[in-house]
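Working notes, structure below.
The values are calculated or read from the model by the stated rules, or taken from the named source; none is laboratory data. Note that the coordinates shown come from a computational prediction; the quantities given were computed from them, not determined experimentally. Cβ: placed from backbone, ideal geometry, glycine included. Neighbour counts: every protein chain shown. Remember, those area values only see protein heavy atoms, side chains included, never the ligands or the DNA or RNA. Shrake-Rupley method; radii C 1.70, N 1.55, O 1.52, S 1.80 Å.
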Amino acid sequence: RLNGSLSAHPEKDELILFGGEYFNGQKTYLYNELYVYNIRKNSWSKVEIPNPPPRRCAHQAAVVPTAGGQLWVFGGEFASPNGEQFYHYKDLWVLHLATKTWEQIKASGGPSGRSGHRMVACKRQLIIFGGFHESARDYIYYNDVYAFNLDSFTWSKLAPSGIGPAPRSGCQMAATPEGSVIIYGGYSKQRIKKDVDKGTLHTDMFLLKTEGAGKEEDKWAWSRLNPSGVKPTPRSGFSVAIGPNNRSLLFGGVHDEEEEESIEGDFFNDIYFYDIGKNRWFPGQLKGPKSEKRKRRRGRQAEAEGAGDEEMEKQPPQGPVEIVKEVVAEDGTVMTIKQVISGPAEEKERSESEEEEEDGALGQQVEPCPRSNAMLAVKHGVLYVYGGMFEVGDRQFTLSDLYSIDLHKMEEWKVLVEMDPKAQEWLEESESDEEDDDTEGAEGGEEEEESSEEESEDEGGEEQHPSVQPDEKHADYLSRTEQYWIKLARSNMGPDAKEKKVVKVAHAMAKTFYEDSV
């Protein structure tokens, strides 16, 4: 799923996942389930609690350590599976973690219905900023600020002095130890003429400062921040969390190149830290495990460069390279995953056993694939990244994997729950079939049938593919069977596909089959 909320339990070694959405090409599914991830057991479990908030996504959740822990949830949006019903919530709920009960808090004077807003717990208040509201005819983005007092259970609309951020949704919002609030980035769009919208990626930064001790009558003031260091490359759909050492962090996201008709997205899997005390941004760079540090001394800046950065050209050859991975799903759809890695390109293709055999090979580390709208939580200085999505052509690919990285050490990502890319169904919208040749390969019943047959090895498909011989290396297998895979890829992708792309897909299919076989 994506656009759910993931929160660290204030007392136990648990993460709490609530809500979110999943789109399968035709229908949107929204959730109001509560899942708990047990960090020590590395396992998810569903927790049934009566009378939960209605299904929603793009809401906000904040944890407060009161009375054994409370999870506060505000707002978000609902859409019916066919997309005909759509509305934004303005309700406020609290999950009492000690007693495992949901309670709706009815207090007047709160924010209007919205999603994509941000909420943080700050002293004894919940502070809410921004978001958007959409109806069939129109949409509006907000830059208002509300505070909910956790002692008196009352809302107040703040009227800060100074010039604040323009209206936006999906920004980064963090509370400082002193009780101020920081805002960075976000997304908004404006209607420039009938049926034409222009999207804006914001990259500015603001401080919302209070003069008092967290009381309603406090004076609040906006001021603009001009941070030093290396700011994140422009993006939307990034995810945020608070790390150790007074740093807030941002992970992933997408930069959409809006062409006339189509939107091509460049997805990221990098981390950027903002040091609140020093007012400074810096990219999170992986150091690599201790034993391999020497080998990696020269080129471990993978996560520093966002995919497709200009810095690429300036790097010496052993520096980061962009690898494009193709994943072939069961229905023959080819999905491209762009990744920036630090070793020479050919290192990426090695399987683990080959790495052990070849001394001096730069071991390729696992890392979450680039994505937007993931859910993050930090517990004991460890960052957890769950789910999110990426797009290829018209296909949206929703993730349910779970990764972690120790933010103190910044050595390596660990994969806690893997995801099988083939597990996901994707249903084509019937009217858009003609346009999908690019990503879908040959359309039409027979070819479609044939390609899914060839992709699902478990249905007796294996006999059709050249089998892997005992102890055969991936490279040897590929050179022996390459023509077969190119022919297969060509038949899946149709006569108009570019040769280079066909070869790439052929290699990806061969690699997938090889790995499944050995």
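Based on the mean of other Cβ atoms within 10 Å per residue, sort peptides 500-507, 52-59, 78-85, 245-252 so the most packed one is first.
Values: 500-507: 17.6, 52-59: 22.0, 78-85: 12.8, 245-252: 20.5.
Result, highest mean Cβ count within 10 Å first: 52-59, 245-252, 500-507, 78-85.
What is the projected area of the convex hull of the Cα atoms of the range 474-516, averaged over all directions, in nm²?
For the range 474-516, averaging the hull's shadow over all directions gives 2.7 nm².
Which order, highest average first, do 37-46, 174-183 follow once you tally other Cβ atoms within 10 Å for each residue and take the mean per peptide?
174-183, 37-46
Label points 7 Å out from Cα along the Cβ direction at residue 245 and residue 479: separation in nm?
About 4.7 nm separates the two model spin labels.
I'd like the Karplus ³J(HN,Hα) series for the range 402-419: coefficients 6.51, -1.76, 1.60, θ = phi - 60°, whole numbers in Hz, and an x wherever there's a Gly or Pro.
Computed from phi, the couplings for the range 402-419 are 9, 10, 9, 8, 7, 6, 6, 8, 6, 8, 7, 7, 10, 9, 9, 10, 8, 10 Hz.
For the peptides 112-118, 204-210, what is the packing order when you average, over each peptide's residues, the other Cβ atoms within 10 Å and list the highest mean first? Could the numbers behind the result be given before it?
Details: 112-118: 21.9, 204-210: 20.1.
Most protected by this proxy first, the peptides run 112-118, 204-210.
Please give, to one decimal in nm, the separation of the simple spin-label points placed at residue 138 and residue 496, each 7 Å out from Cα toward the Cβ.
According to this spin-label approximation, the distance is 4.0 nm.
Over what distance in Å are the Cα centres of the range 1-60 and the range 170-205 separated?
Each part reduced to its Cα centre gives a spacing of 25 Å.
What FRET efficiency comes out for residue 228 versus residue 410 if R0 is 25 angstrom and r is the Cβ-Cβ distance? Round to the nearest 0.05.
0.80
Give me the number: length gained by fully extending residue 189 to residue 153, i.e. 0.36 nm times residue separation minus the C-alpha to C-alpha distance, one decimal in nm.
Difference between extended and current length: 9.6 nm.
Accessible area per residue of the range 474-516 at 1.4 Å probe, in Å²?
Heavy-atom accessible area per residue stands at 54 Å².
Can you list residues from other chains, or at least 5 along the same chain, whose modelled amide H is less than 5 Å from the amide H of residue 392?
397
Using the structure shown, list the pairs from 12/287; 106/157; 123/219; 90/193 with a Cα-Cα distance above 19 Å, or answer none.
On the way: 12/287 29 Å; 106/157 16 Å; 123/219 15 Å; 90/193 30 Å.
Beyond 19 Å: 12/287; 90/193.
What FRET efficiency, computed as 1/(1 + (r/R0)^6) with R0 = 41 Å and r the Cβ-Cβ distance, is obtained for residue 380 and residue 516, rounded to the nearest 0.05?
The computed FRET efficiency comes out at 0.65.
I'd like to check one number: the per residue accessible area of the range 23-173, probe 1.4 Å, reported in Å² as a whole number.
Values: 6780 Å² over 151 residues.
Each residue of the range 23-173 exposes 45 Å² on average to a 1.4 Å probe.
Keeping every protein chain in place, order 189, 106 by accessible area at 1.4 Å, biggest value first, i.e. largest first.
Sorted by accessible area, descending: 106, 189.
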